[in-house]
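Only one structure is covered here, and it is reproduced in the block below.
The values are calculated or read from the model by the stated rules, or taken from the named source; none is laboratory data. Remember, it's a predicted structure, so these values are computed and weren't measured experimentally. Glycine also receives a Cβ, built like all others from the backbone with ideal geometry; neighbour counts cover every protein chain displayed.
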Amino acid sequence: MIELRAHCPGGKPCPFTGEMIHVELELFNASEEPVSLPIDYYRRREPKVILVDNHSGKESRLCMGPPSSTLAKQVQVLSPGEAVRIPWLVAPDSINRFALKPVDLTVRFSFDLTPMLSASDSVFVATTLQVVEAR
């Protein structure tokens, strides 16, 4: 069982100061067995990211990097209890052109754990993070 975790170094919820938001995503092996994942694929493809404005309920999807079937086939083994961190940035433009003020967003991150399977057979892992206007 893989868990996706996210946090901002600036605290919880993530403060939005009008600057780039640094997020650390973590894929954690919570099972008792080793798990093989295409980590370099995730770093290149990036997560699926959806911004949800908590004032209006509107959603905005951020663009993902190009898929790479070569990287999707190259797996890395995560031992039980082991994690891999993937840094991620949320650009202020993505927030400013979408969010109502004061900023109060839920950011949904997800990765496809089975990128070589068809969309209908895919298994996803997801997490959320709240971003609010810094006061």
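Taking the criterion of being surrounded by 14 or more Cβ atoms within 10 Å (Cβ to Cβ), among the aliphatic types (A, V, I, L, M) and more than 14 Å from Ala134 (Cα to Cα), the residues of region 15-34 that qualify are Val23, Leu25, Leu27. Taken together, the residues in region 90-135 that are under 16 Å from the mean Cα position of the chain (by Cα) and among the basic types (Lys, Arg) amount to 1.
Does any residue of region 24-38 turn out to be part of a strand (DSSP E or B) and touching a Cys at 6+ places or on another chain (Cβ under 8 Å)? Taking every residue of region 24-38 in turn, at least one turns out to be part of a strand (DSSP E or B) and touching a Cys at 6+ places or on another chain (Cβ under 8 Å).
Does Ala134 satisfy being at pLDDT 95 or above and surrounded by 12 or more Cβ atoms within 10 Å (Cβ to Cβ)? When the stated conditions are applied, Ala134 does not pass them.
Taking strands (runs of 3 or more DSSP E) as the structural unit, those lying wholly within region 48-121 and holding at least 2 residues that are among the acidic types (Asp, Glu) and either at pLDDT below 95 or surrounded by 12 or more Cβ atoms within 10 Å (Cβ to Cβ) (or both) correspond to 104-112.
Among the residues of region 41-100, those that are of a type in the set (Asp, Glu) and without any contact (Cβ under 8 Å) to a residue 40 or more places away in the chain comprise Glu59, Asp93.
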